[in-house]
């Protein structure tokens with residue numbers, strides 16, 4: 001087989017719906033991927049039609065059918081398909097799905113709300129493409145209160161681990177003594193970004209729920225339940241992720257409260 005017909009292993013693994021390209025790279029680096037009995041290395045290529053590829057001792061098979069799920073992740077579950085420490089993970093909530101799906105992005109254990117799962121590697125990569133992040137909307141309950149200056153700092157960007165966050169949109173949904181509910185829209189995918197911003201401002205996050213991703217809304221889906229995305233929802237998300245149909249990243253001017 002000509003060399004140019006071979007494909008990078010990380011892409012083959014992702015396209016089979018087993019994991020994201022980043023996770024596939026981790027498996028390859030750890031020596032968990034073999035091609036024709038030989039341990040693979042980062043950057044290796046293979047022909048999925050002719051080469052025997054195993055991942056963690058299991059033969060790699062192409063996904064029979066693409067699945068696109070919207071899960072309402074409850075608090076207390078970690079965003080992974082298995083956990084060696086025996087903690088509750090989102091895999092427990094999609095046990096009735098025949099195809100092997102995996103999460104697109106993450107929500108930490110104490111957060112809840114909209115989480116996508118799929119076995120379509122190309123779709124997962126598009127949702128997490130570094131050149132364009134779909135806006136993600138969160139409903140955040142904080143204590144004790146919030147000032148105009150704190151709102152402005154969140155909107156215009158804050159330095160976290162030596163790098164300034166992208167501008168966000170923040171508005172107050174409700175406010176009472178000792179408790180404020182905010183809507184925060186992020187345009188980048190930093191780990192635990194909202195919690196880190198609030199911690200830096202001296203605010204306590206009591207509850208954090210992702211309510212939307214691009215045009216896709218969590219709606220009334222109960223915690224712990226999932227539903228299939230419609231073909232139109234998948235098409236729209238891919239269009240938005242391409243940068244053609246999504247909401248533009250805001251500047252300071254016009255940022256909501």
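Please determine whether any residue of the stretch 153-162 is under 29 Å from residue 61 (Cβ atoms) and touching a residue at least 60 places away in the same chain (Cβ under 8 Å). Looking for residues that are under 29 Å from residue 61 (Cβ atoms) and touching a residue at least 60 places away in the same chain (Cβ under 8 Å), one finds none in the stretch 153-162, hence no.
In summary, residue 238 fulfils each of the numbered conditions (1) modelled with pLDDT under 95; (2) within 27 Å of residue 95 (Cβ to Cβ) with the single exception of condition (2). Just one of the listed residues (167, 135, 130) is surrounded by fewer than 22 Cβ atoms within 10 Å (Cβ to Cβ), within 25 Å of residue 101 (Cβ to Cβ), in contact with a helix residue (DSSP H, G or I) (Cβ under 9 Å, 6 or more places away or on another chain) and at pLDDT below 95, and it is 135.
Of the residues making up the stretch 4-31, those that are touching a residue at least 12 places away in the same chain (Cβ under 8 Å) and not in a helix (DSSP H, G or I) are 6, 7, 8, 16, 17, 18, 19, 20. Out of 63, 24, one residue alone is at pLDDT below 85, surrounded by 12 or more Cβ atoms within 10 Å (Cβ to Cβ) and either farther than 23 Å from residue 222 by Cβ or within 22 Å of the chain's Cα centre (by Cα) (or both). It is 63. Residue 56 falls short of the stated requirement of being more than 14 Å from the chain's Cα centre (by Cα) and either more than 23 Å from residue 10 (Cβ to Cβ) or at pLDDT 90 or above (or both). Report yes if residue 221 is part of a loop (DSSP other than H, G, I, E, B) and modelled with pLDDT of 95 or more, otherwise no. Answer is yes for this residue. If you go through the stretch 82-96 one residue at a time, how many are in contact (Cβ under 8 Å) with a residue 12 or more places away in the chain and crowded, with 16+ Cβ neighbours inside 10 Å? Residues that pass the stated criteria total 4. What about residue 76, is it out of contact with any strand residue (DSSP E or B) (no Cβ under 7 Å at 6 or more places or on another chain), in contact (Cβ under 8 Å) with a residue 24 or more places away in the chain and exposed (fewer than 12 other Cβ atoms within 10 Å of the Cβ)? Against the criterion (out of contact with any strand residue (DSSP E or B) (no Cβ under 7 Å at 6 or more places or on another chain), in contact (Cβ under 8 Å) with a residue 24 or more places away in the chain and exposed (fewer than 12 other Cβ atoms within 10 Å of the Cβ)), residue 76 qualifies. Applying the selection to the stretch 183-215, what residues are more than 26 Å from residue 71 (Cβ to Cβ) and loosely packed, with under 15 Cβ neighbours inside 10 Å? 199, 200, 202, 204 - these are the residues of the stretch 183-215 that are more than 26 Å from residue 71 (Cβ to Cβ) and loosely packed, with under 15 Cβ neighbours inside 10 Å. Screening the stretch 170-182 for residues that are without any contact (Cβ under 8 Å) to a residue 60 or more places away in the chain and in contact with a strand residue (DSSP E or B) (Cβ under 7 Å, 6 or more places away or on another chain) and picking the one that is surrounded by the most Cβ atoms within 10 Å (Cβ to Cβ) gives 182.
The values are calculated or read from the model by the stated rules, or taken from the named source; none is laboratory data. Since the structure is predicted, the reported quantities are computational estimates derived from the model, not experimental observations. Quick reminder, even Gly has a Cβ in these numbers, built from the backbone with ideal geometry, and neighbours come from all protein chains shown.
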